[in-house]
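> Mind having a look at this structure? Questions to follow.
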Amino acid sequence: MTATANFRQVAQYIGLAICGLIVRTAFGILGILWGIIREIVNGVFRVAIGVIVAILSTIALFGFILWLLTL
């Protein structure tokens, strides 16, 4: 009876350890994927902001040239 209880307890501890390892691995993989997705989104925003700034700068440059020609 005691040997069966000990075996059952050891099997339960091993099962909990395996489940904990699986959960930690899943969270680790999700953390890595979340970091990759976050970097992609940040890169897209940086490119969009860069394009908007380039367009506004070009408009300002041509406006400045036109202003100089009207002097």
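> Rounded to the nearest whole Å², what accessible area per residue is found for the chain with the 1.4 Å probe?
On the way: 6490 Å² over 71 residues.
About 91 Å² of surface per residue is accessible.
> For Arg8 and Leu56 in the same chain, what is the full-extension length gain: residue separation times 0.36 nm, less their Cα-Cα distance, in nm?
10.2 nm
> Please state the shape class of the chain: rounded when a/c is under 1.5, otherwise prolate if a/b exceeds b/c and oblate if not, all from the C-alpha gyration tensor.
Values: a/c = 17.80, a/b = 13.44, b/c = 1.32.
Because a/c hits 1.5 or more and a/b exceeds b/c, the chain counts as prolate.
> Angle between the Cα long axis of helix 2-69 and the longest principal axis of the chain, 0 to 90 degrees, nearest 10?
It is inclined by approximately 0 degrees.
> In addition: Chymotrypsin sites (Phe, Trp or Tyr not before Pro) within segment 1-65: which are DSSP loop residues with at most 11 other Cβ atoms inside 10 Å? Don't skip to the answer; put the middle values down first.
On the way: sites: Phe7, Tyr13, Phe27, Trp34, Phe45, Phe62, Phe64; in loops: none.
In loop regions of segment 1-65 (DSSP not H, G, I, E or B), there are no sparsely surrounded chymotrypsin sites (Phe, Trp or Tyr not before Pro).
> Pop out the carbon and sulfur fraction of the accessible area of the chain as a percent, whole number, probe 1.4 Å.
Values: 5210 of 6490 Å².
Heavy-atom surface of the chain belonging to carbon and sulfur, 1.4 Å probe: 80 percent.
The values are calculated or read from the model by the stated rules, or taken from the named source; none is laboratory data. It should be emphasised that the depicted structure is a prediction, and the values quoted were computed from it without experimental measurement. Quick reminder, even Gly has a Cβ in these numbers, built from the backbone with ideal geometry, and neighbours come from all protein chains shown. In case anyone asks, the SASA skips ligands and DNA or RNA and just uses the protein heavy atoms, side chains included. Shrake-Rupley method; radii C 1.70, N 1.55, O 1.52, S 1.80 Å.
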